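What follows is a set of notes on a single structure, which appears directly below.
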Amino acid sequence: MSPFAVTRTAAGALALAAVACARHTAPPAQQPAPVPAAAPAPVRAPAAAPAAPSPAPDLAGAWRYTATLGDMTVDGVLRLARSGSSYTGTASASTTSEVLTVTSVTLDGSKLTVIIDTPNGPATLAGTVVAGTIIGTVYVGEQSGPFRADKQ
């Protein structure tokens, strides 16, 4: 047999195999399993709006106070009056008839600082105002002690 004949035979066999394959119906190719759709992103509730700041306490009026410095406790009345956007006032103690001048009132939210001019130098009341009560500390010179005032 000639080499050409072998080649023709091999070529014919390949051709017949190709035709046979073309006529034979191959089983359908398996489809990949469907990919599930991505889950929707979780819906987030809108962020809560920041709480509205509570209105500044109204300091105008008479405040009955008790202050302790060392072993001495003094009670009296702190009177504050609104003057535009600030306050003026006086302070008196039950132990004397002297009326002292409030020289400064600072209110930052519920934090209160009151400075009173006294014969012994300035007295500073630093505290917090909550529901008609001021609770804090009184400072006079080197001394300090608890302070409480209730609105009358």
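The values are calculated or read from the model by the stated rules, or taken from the named source; none is laboratory data. Note that the structure is predicted; figures quoted are calculated from it, not measured. Only protein heavy atoms, including side chains, enter the accessible area calculation; ligands, DNA and RNA are left aside. Shrake-Rupley method; radii C 1.70, N 1.55, O 1.52, S 1.80 Å.
General observations
- Protein heavy-atom accessible surface, 1.4 Å probe, per residue over the range 68-152: 58 Å².
- Within the full protein context, the accessible area of residue 64 is estimated at about 120 Å² for a probe radius of 1.4 Å.
- Put the Cα centre of the range 77-108 next to the Cα centre of the range 122-152 and the gap is 12 Å.
- Shown in residue order for the range 112-118 are the 3J(HN,Hα) couplings computed by the Karplus curve 6.51 cos²θ - 1.76 cosθ + 1.60 at θ = phi - 60°: 10, 10, 10, 10, 10, 7, 10 Hz (x for Gly and Pro).
- Reduced Cα scattering model of the range 78-136, Debye log10 I(q)/I(0), q = 0.15, 0.24, 0.26 Å⁻¹: -0.45, -1.07, -1.19
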